[in-house]
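This report concerns only the one structure given below.
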Amino acid sequence: MKPRILVPVRSFYKDWFLTPDIMKRLRELGEVELAVDPADLPHSEYAKLYRGKDAVLTTWNTPAIDREVLEQAADVKIISHCGGEVRPFLTPDFFDIRPDIVLCNVSEVMAQPVAEYVLCVTLALLRSLFDFREWVKREGNWFDYKPEWNVSLLHKKVGVVGLGQVARQFIALLEPFDVDLVIYSNYMSDEQAAGQGFSQVSLDELFSTCDVISINAAATPENRHMIGRELMSKIKPGAVLVNSARGKLVDEQALADELASGRFKAAVDVTWPEPPAMDSPLRSAPNLLLTPHIAGPTPDQRIWMMEEALYNLQAFFSGGEVRGIIDKERFSYMA
C-alpha cells in the first residue's frame, strides 16, 4: 500500500514548490492530498487533514502542528519540511508527544546560498562599491577617493557568531582569503571549538577586534537581542557587520544609532518586524545595505529545497538514509 502524504501549502508558494515534475514524483511515491491555504481553515478542520496520513510534506508558513493536530496524526511517521525553520510551527513538546515521528528539514541545501550572500555583501561593503557608483558620477572624482573606501578581505580578521550550517558554509567560502578566523557559539565550549579547528573568543573580543562580523546564530528565545548596544559600540572603525540570520537577534534601534556615527558599515537581510516600518531609520541609513530577505535560495534554486524534501520522503519509505534529521537536542539550538 502506498503511503498517504499530506501537503499543506500556501497558494503563494504552490507553483514555486509543487512543479508538475514534483507532483508526478510525489504521486508515484504515494497517495497525495494537497491542502491549499490551510491557515484559512478553522484549526479543528486543519487538524483533521492529518487523520490517516503516513507522511506530511510541509513548506513555509505551515500552520501550527500542535497537540490538537498530533492527536489526529496517529499514523504520521515522518514530517519532511521544505524549509529551514521549524520552530514557527512546532513547539518543544512535539518531541514528548510524538517522539516516534521522524522530523527533517532542508537547511543544508539552504545554507549555501545564504553563505554566498554573506560573502557577496562583505566584499561589496569592504570595497565600497555603492559609494563608488555615486562617486564616479561627479566631475573630478576618479583617483582621489578616500583610501578607507577600498579595502580587501584578504588577511583580515573575521568573526562568526554562531556555528550552524550557514556559518560553516561561509567559513568554507573564506578559505581562499586566508583570513584570521574567530568564532563565538553559546552552544559550544572552547575545547569543543578547538577540537573542530576553531578559535573561540568572547563576544566582546569578537566585536572589538574583527574587521568583518557575520551574525549566523539561531533565533532562539534566549538569543533575542543578543547583539545589543554595548556590543555594537565596540565595533572598530571601518568594520563590516552582516546579519543574514534573524532580526530578533539584534537590537535594531541600537544598530541604527551606532550606524549614525558613520564608524562602520552593515548589511542586513532580516529585520523584526519584517518588513521594517516605513519610518524605520534602517531604511535610510547611508552606510547600511538593507535587502528584503533575499539571502536564501534564489527563485531558480527553490526547487532544490523541494527536491531534498522529496528525497527524504523517498528515502524514508524505501529504507534509505534521511538527511537533515532534527531531534530534540538539535531543535533546542536551531531557529
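The values are calculated or read from the model by the stated rules, or taken from the named source; none is laboratory data. Predicted, not measured: the structure shown is a model, and the values here were computed from it. All Cβ positions, glycine included, derive from the backbone under ideal geometry; neighbour counts span all protein chains shown. Heads up: the accessible areas ignore ligands, DNA and RNA and are worked out on the full protein's heavy atoms, side chains in. Shrake-Rupley method; radii C 1.70, N 1.55, O 1.52, S 1.80 Å.
What the table shows:
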| quantity | calculated |
| --- | --- |
| The range 99-128: number of residues that are open to solvent by 30 Å² or more (accessible area, probe 1.4 Å) and assigned to a strand (DSSP E or B) | 1 |
| Strands (runs of 3 or more DSSP E) fully within the range 198-303 counting 3 or more residues that are modelled with pLDDT of 95 or more and within 17 Å of the chain's Cα centre (by Cα) | 212-215, 240-243 |
| Odd one out for E108, checked against (1) more than 24 Å from P221 (Cα to Cα); (2) of a type in the set (D, E); (3) at pLDDT below 95; (4) under 25 Å from the mean Cα position of the chain (by Cα) | (1) |
| Those residues of the range 167-197 which are among the hydrophobic types (A, V, I, L, M, F, W, C), in contact (Cβ under 8 Å) with a residue 12 or more places away in the chain and more than 21 Å from N243 (Cα to Cα), in sequence order | A193 |
| Any chance A193 is at pLDDT 95 or above, assigned to a helix (DSSP H, G or I), open to solvent by less than 60 Å² (accessible area, probe 1.4 Å) and more than 21 Å from A115 (Cβ to Cβ) | no |
| Members of the range 130-146 found to be more than 26 Å from C120 (Cβ to Cβ) and among the hydrophobic types (A, V, I, L, M, F, W, C), listed by number | F143 |
| Which listed residue is assigned to a loop (DSSP other than H, G, I, E, B) and touching a Pro at 6+ places or on another chain (Cβ under 6 Å), from T91, T62 | T62 |
| Enumeration of residues in the range 235-248 that are within 19 Å of R283 (Cβ to Cβ) and open to solvent by less than 10 Å² (accessible area, probe 1.4 Å) | L241, V242, N243, G247 |
| Criterion violated by L6 - all others in (1) surrounded by fewer than 14 Cβ atoms within 10 Å (Cβ to Cβ); (2) of a type outside the set (V, I, T); (3) under 26 Å from the mean Cα position of the chain (by Cα) satisfied | (1) |
| Subset of the range 52-98 that is of a type in the set (V, I, T) and in contact with an Asp or Glu (Cβ under 7 Å, 6 or more places away or on another chain) - its residue that is most open to solvent (accessible area, probe 1.4 Å) | T91 |
| Restricting the range 146-171 to residues that are open to solvent by less than 60 Å² (accessible area, probe 1.4 Å) and assigned to a helix (DSSP H, G or I), the residue that is farthest from N223 (Cα to Cα) | W149 |
| Selection count where residues are open to solvent by less than 60 Å² (accessible area, probe 1.4 Å) and within 22 Å of F89 (Cα to Cα), scope the range 317-333 | 6 |
| Residue match in the range 138-145 (condition: farther than 17 Å from P176 by Cα and open to solvent by less than 20 Å² (accessible area, probe 1.4 Å)) | no |
| Unique match (being over 23 Å from S332 (Cα atoms) and either among the small types (G, A, S) or in contact with a Lys or Arg (Cβ under 8 Å, 6 or more places away or on another chain) (or both)) among S208, S185, S189, S202 | S208 |
| Selection count, the range 129-145, where residues are touching a strand residue (DSSP E or B) at 6+ places or on another chain (Cβ under 8 Å) and part of a loop (DSSP other than H, G, I, E, B) | 0 |
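This table checks each residue for (1) open to solvent by 80 Å² or more (accessible area, probe 1.4 Å); (2) assigned to a helix (DSSP H, G or I); (3) β-branched (V, I, T).
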{"residue": "D15", "(1), (2), (3)": "yes, yes, no"}
{"residue": "M23", "(1), (2), (3)": "no, yes, no"}
{"residue": "A35", "(1), (2), (3)": "no, no, no"}
{"residue": "Y50", "(1), (2), (3)": "no, no, no"}
